[in-house]
Amino acid sequence: MTETHEAPDITVVIPCHNEAGALPGVLAAVPTGYRVIVVDNASTDDTAAVARAAGATVVTESTPGYGSAVHAGIRAADTELVAVLDGDGSLDPGEIPLLASELVAGVDMVAGRRRAVARGAWPWHARAGNALLATVLRRRHGLPVHDLAAVRVLRRERLLALGPLHPRSGYPLALLLGAAREGWGVVERDVRYRPRTHGVSKVSGSVRGTVGAVRDFWSVL
């Protein structure tokens, strides 16, 4: 894991389904001193073994779905602050300290706004759908966001107080709607977004995955 001068009392939660190929690079980029929980979400590969070998705590969540995995990781954490990001290598854990530094009084969540840094990082259909949903969040709910918070740092107790959110791909949208409903202070900051380092996206990598995600989003709205 990479070094940082001062690690806050924060747990990095990484929900994973079959990310054994990408996970080593992700875990190696987590700043030293941060606690890490990898949630093995019904994987059929060596995700859990790879995580343990890198020194991460592994939580098993047998119910398939991104939201189920994130919730399991948040419940298992015991720090005041938590960070959540994917285990596919598309986001840099090294940017978490910058996001965490914005979590000052009056701010409950700092969300990363993805900025693609390489061709193919963000397929046009996924980018367009994300932009549409973010517009709804700004206009109808007053949230100052342009992305669905693919990486975020937030206060654990406030998150748990929202109760169970969407169990699948609708989780990030349900989280932002809950934040708006409860009057959270939300700040958005740019983060680099690159192509995943291994495998194919479960959402934007196939028509089936995209259709399923759209269905989840509409069920939340």
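For this structure, a couple of remarks:
- Magnitude of the charge dipole, the chain, Cβ model with Lys/Arg +1 and Asp/Glu -1, debye to 20: 940
- Values of log10 I(q)/I(0), in the order q = 0.15 Å⁻¹, for the range 68-181 under a Debye, Cα-only, solvent-free model: -0.68
- Here the label points at L132 and T63, each 7 Å from Cα along the C-beta direction, are separated by 2.8 nm in the simple model.
- In the range 10-53, the inverse of the mean reciprocal separation of distinct Cα atoms equals 10.5 Å; this is its Kirkwood hydrodynamic radius.
- Residues A29 and V107, FRET efficiency given R0 of 30 Å [Cβ-Cβ distance, rounded to 0.05]: 0.75
- The base-10 log of I(q)/I(0) for the range 124-193, evaluated at q = 0.22, 0.25, 0.26, 0.27 Å⁻¹, reads -1.06, -1.34, -1.42, -1.49 [Debye formula, identical scatterers on Cα atoms, solvent excluded].
- Solution diffusion estimate, µm²/s, Stokes-Einstein, the range 1-109, Kirkwood Rh from C-alpha pairs, 20 °C, viscosity 1.002 mPa s: 155
- Extension gain (nm, one decimal) between R140 and A121, 0.36 nm per residue minus Cα-Cα: 4.0 nm
- Each of L221 and R75 was given a label point 7 Å from its Cα along the Cα-to-Cβ line. The distance between the two points is 3.0 nm.
- Largest first, the residues L137, L165 sort by 1.4 Å accessible area into L165, L137.
- Of the three principal axes defined by the Cα atoms of the chain, the extents in descending order read 45, 42, 33 Å.
- Label-zone membership for the range 89-120, site A53, 7 angstrom Cα→C-beta point, backbone N under 19 Å: 89
- With the convex hull of its Cα atoms as the shape, the range 89-138 has an orientation-averaged projected area of 4.6 nm².
The values are calculated or read from the model by the stated rules, or taken from the named source; none is laboratory data. All figures in this text were calculated on a predicted structure; none of them were measured in a lab. A quick note on method: Cβ atoms are made from the backbone with ideal geometry, for glycine too, and the neighbour counts reach across all protein chains shown. What goes into the accessible areas is simple: the full protein's heavy atoms, side chains included, and nothing from ligands, DNA or RNA. Shrake-Rupley method; radii C 1.70, N 1.55, O 1.52, S 1.80 Å.
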